[in-house]
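Here the structure is laid out as structure tokens; the discussion comes afterwards.
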Protein chains: 2
Amino acid sequence: MTTPIILASGSAIRREIMEGAGLDFDVLSKPVDEAAIKHAMLDDGARPREIADALAEAKALRVSRFLESQGRRALVIGADQVMVMDGTLFDKPVDRAEARARLLSMRGKRHELIGGLVVAEGGAPVWRHMSETKLWVREFSEDFLDAYLEREGDLVTRSVGAYRFEGPGAQLFSKVEGDFFSILGLALLPLLDYLRTRGVIPS
Amino acid sequence: MTTPIILASGSAIRREIMEGAGLDFDVLSKPVDEAAIKHAMLDDGARPREIADALAEAKALRVSRFLESQGRRALVIGADQVMVMDGTLFDKPVDRAEARARLLSMRGKRHELIGGLVVAEGGAPVWRHMSETKLWVREFSEDFLDAYLEREGDLVTRSVGAYRFEGPGAQLFSKVEGDFFSILGLALLPLLDYLRTRGVIPS
């Protein structure tokens, strides 16, 4: 029997990416104090890449240790994504007003999405991957922005950039550079490659 | 009243991309003798880019002229994608056996997807875009391939490469380079940009 795959994320799009690729897996996410980790690391001068990596690891380890405590073996996938603009790290906006201000500040500028991806097994990390993508937000009008926010509703608070690139968020951009799956929050091809080397999906 | 947008394609993924981006449009596709156009152009020594462009134009013009004949005005989007490997142009496989042979021939090699995108209005082309993406197929096993073909069924005959990159086809690849939407067959960001300049979607 092959080792089960567990996605330690409540993100709908990460689940959709893995389902789309035809993977057989379960979802089990457990709370992690992301703000505490992030702020402690920022205080220590950590770089955004290190923070995304640490958060992905924390999510994977949290679930992996829980399963370990129950005597269950699994490959647990943890993922995190941070946004960087002008050298500053951004959290998910807490509400629509913050999302609006955030998007206005991104207008006409480039930002980066940095993704951490970690697989844990038996309470320890066994694989990790980092991705970086660049996105240019176009000079949209405030009328456009208000219609966009109205259409997206609470969904704008579920991503660091206040957009679903796979949805109407695509209308915010003039140009993007980098892997699409990484923009969405899960670097699928490297992950598939690792899962094949582990023999948990057919090669 | 803004000019309506018509997608002149029966492709499910092209419709999904446009719906995902929140566009308001209708689908109306009319048959075009793609094989005749392609073979005539190949006989004339046309390059793959020219063929993809001509096919996209033919599809857009066919529908645009039909609408014109009814006195209806619209921006009609035509799209085509061709696959090139080792300098040879490939059509969609006609059946599963051809898809199997095609995929085996692509194994361990790079191929390109070349996309043509044309907008027509009043029976004439008014905008066009070309995209080129590179994809590397990994050294998959025949067991993997047979399971993949079984799972995908007739869907393998609906794309030039015999894969849905947005689905289990992702498991065929070691690496891809280029815009995700273009891989799927519709260069969304340039198209949105054009539609904004025309004032048919909010900017």
If you go through segment A:148-165 one residue at a time, do you hit one that is touching a residue at least 12 places away in the same chain (Cβ under 8 Å), surrounded by fewer than 22 Cβ atoms within 10 Å (Cβ to Cβ) and touching a His at 6+ places or on another chain (Cβ under 8 Å)? no
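Could you grab me the full set of residues in segment A:15-33 that are closer than 27 Å to A:Thr3 by Cβ and more than 14 Å from chain B (Cβ to nearest Cβ)? Quick ask: steps written out before the conclusion?
Of segment A:15-33, the ones closer than 27 Å to A:Thr3 by Cβ are A:15-32.
Scanning segment A:15-33 gives A:Arg15, A:Asp26, A:Val27, A:Leu28, A:Ser29, A:Lys30, A:Pro31, A:Val32.
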If we keep just the residues of segment B:1-24 that are closer than 22 Å to B:Arg164 by Cβ and hydrophobic (A, V, I, L, M, F, W, C), which is nearest to the chain's Cα centre (by Cα)? B:Ile13
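Working only within segment B:63-86, note down all residues that are crowded, with 19+ Cβ neighbours inside 10 Å and in a helix (DSSP H, G or I).
If we filter segment B:63-86 for residues that are crowded, with 19+ Cβ neighbours inside 10 Å, which is where we start, we get B:63-64, B:67, B:74-84.
Hits for segment B:63-86 are B:Val63, B:Ser64, B:Leu67.
Based on what the data block shows, is A:Asp143 more than 15 Å from the chain's Cα centre (by Cα), surrounded by fewer than 17 Cβ atoms within 10 Å (Cβ to Cβ) and more than 11 Å from every other protein chain (Cβ to nearest Cβ)? Steps first, answer last, please.
Numbers: more than 15 Å from the chain's Cα centre (by Cα): yes; surrounded by fewer than 17 Cβ atoms within 10 Å (Cβ to Cβ): yes; more than 11 Å from every other protein chain (Cβ to nearest Cβ): no.
Here the answer is no, as A:Asp143 does not meet what is asked.
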Any chance you could count how many residues in segment B:77-108 are in contact with a Lys or Arg (Cβ under 9 Å, 6 or more places away or on another chain) and among the basic types (Lys, Arg)? 2
On the basis of being more than 17 Å from the chain's Cα centre (by Cα), over 15 Å from A:Ala124 (Cβ atoms) and either outside any helix (DSSP H, G or I) or in contact (Cβ under 8 Å) with a residue 40 or more places away in the chain (or both), does A:Ala46 make the cut? yes
Members of segment A:160-203 that are more than 8 Å from every other protein chain (Cβ to nearest Cβ) and of a type in the set (Ser, Thr, Tyr): A:Tyr163, A:Ser182, A:Tyr194, A:Thr197
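Read-outs throughout are calculated quantities, based only on the coordinates presented, and are distinct from any laboratory measurement. Because the structure is predicted, anything quoted here is derived from the model rather than measured. We place every Cβ from the backbone using ideal geometry, glycine too, and count neighbours over all the protein chains shown.
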